[in-house]
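The values are calculated or read from the model by the stated rules, or taken from the named source; none is laboratory data. No experiment lies behind these values; they were computed from the predicted model shown. Note: ideal-geometry Cβ built from the backbone for every residue, glycine included; neighbour counts use all protein chains shown. Calculation scope for accessible area: heavy atoms of the full protein, side chains included, ligands and nucleic acids excluded. Shrake-Rupley method; radii C 1.70, N 1.55, O 1.52, S 1.80 Å.
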Amino acid sequence: MSKKIIALVLSLVIVASIPIEVFAIIPKDSSMQFNDDNIVLQAQVNNEENKDEYSDIVELYIKPYSDSAELYFKQSIMSLRIEEYNLLLGKWVELEYSNQGKYFSLDNLQPNTYHIIKVYFGDKFNGLYTFYTKPSNIRKVQNEVSKSNVILEWSNPNNLVTEIYRREIEVEELEEADTDAKEADEESEETEPEKVIVKTGKWELLRRKRGSKYKDATVNPDTYYQYRIRYICRNNNGEEYSDYKQFEDIYVPFEINNILEANGYIIVRQNDPLNKTIPYPYYKENDNRTIGSSGCGVCSSLMVIRNLTNYAPTLEAYTNELLKIGAREPYGSNMFKIASYMKNKYHLNYTVTKDEQKLKAAIKSGKMAVAHVGQNRLFAVTGGHFVAVVGVVKGKGGEDMAIVLDPYFSVSKYNDKRRKEAGIRYSNNGIVTCPFSALKEDGRGEMFTIFSK
């Protein structure tokens, strides 16, 4: 069943769960007006039978953004209560708001969602309204990201005063079902996993300024952020109001280095911004795949070369070499062709085994290996994956732990309960350690290619 069908079914189930009284109180004589400039929805309610329970009609305009909404009343409001129907809880929940004059702001709404709210003046019901919060509604004009700063640029032709806000978000990677068994031996493509936001922090005001560019030098590596700007506008009456625009989610990577060194090991990351755009196609036409999407076998074998020998090919040159010998397969890289090439070009002998004890003995003797993993998603997120096994370290209980260099390393990937339960650990510099049994459990096909000088 496709993801779109699943999403449609879930949407129908959620809508069906809304109690009938929610729809029953939508005013029969409500009027809806749309303003193309302001994306305004207006609804009014009048009920002569229960007039004491209803307030006098107050004209209300709602202007939704991606994760907030501005409410504007045509007259001053002394006491206001706003409730939203929460589909997951199945009940009305009171919303917090901030206000300035006749303008009221609802923050931290879910983007890309239809909202149903009830508005009360004191204890009297004024109306029920529905509006839609859009997805992130502006794209980055410029977004320079390093492990220490983010540079944003936006359109501000009228040089309005602008407030820049930021908040951290937690993201989880969706794991897909295993691939077809007949492809298990050949598939080695680490596709970009789909990510979902599971938690959002509070918006933090970074700066209030005029202009259209801002450099945030206070970011943390391996962290997802959302940024938005608030234009400070005034209407014809001189009253101040807000106009929010939100950027697409931004990921600050763990490292920005083409090839880096940690704990004496040379690491090559396929998801590094300087590496992931290197072309790695199989088909001569209409194939835009890169090292970032498909280069785990390239990077893992290059890490063996760089750590086991004195040869130092660059990733781009090495990638082109493997393309020339036909090591690229439709689903990833052919490690048998790569191993043969490494023997001829870099004078590395190799053997292939499924035995984790033979792997452990080889690594303890100073050899290194490329492991084909992903069977149980301990080292891969989607599809098959290659990692380099380069050493042994003692665990807390004295057991032998493999030192693994993952070309698709990220803290969010390994900060996972299931991986921790398997004994997989990581350090802040990106070195992964694990029991040799975890490599066996996650292995695919002829899983260990062991190299020696």
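General observations
- Projected label points at LYS74 and ARG418, each 7 Å from Cα along the beta carbon direction, are separated by 5.6 nanometres.
- Gain on full stretching of the segment that runs from LEU160 to ASP249 - 0.36 nm per residue minus C-alpha separation: 29.7 nm
- Expressed in units of 2.2 N^0.38 Å, where N is the residue count, the Cα radius of gyration of segment 406-453 is 1.26.
- When each of LYS354/LYS394; LYS102/LYS215; LYS324/LYS360; LYS74/LYS245; LYS337/LYS396 is checked by Cα-Cα distance, pairs over 27 Å: LYS102/LYS215; LYS324/LYS360; LYS337/LYS396
- Of all accessible heavy-atom area on segment 306-377, the percent that carbon and sulfur account for (1.4 Å): 46
- Prolate/oblate/rounded label for segment 321-391 (Cα gyration tensor, a/c 1.5): oblate
- Extending 7 Å from Cα along the Cβ direction at ARG167 and again at LYS354 yields two label points whose distance is 5.1 nm.
- Rounded to the nearest 20, the size of the Cβ-charge dipole of segment 281-367 about its Cα centre is 360 debye, with Lys and Arg at +1 and Asp and Glu at -1.
- Accessible surface for segment 325-453, divided over its residues, is 39 Å² per residue with a 1.4 Å probe.
- Ordering GLY374, VAL390, ALA362 by the projection of their Cα atoms onto the charge dipole of segment 357-407, which places +1 on the Cβ of Lys and Arg and -1 on the Cβ of Asp and Glu, puts ALA362 at the extreme positive end.
- Förster-model FRET efficiency, 22 Å R0, ILE325 and SER452, C-beta, rounded to 0.05: 0.55
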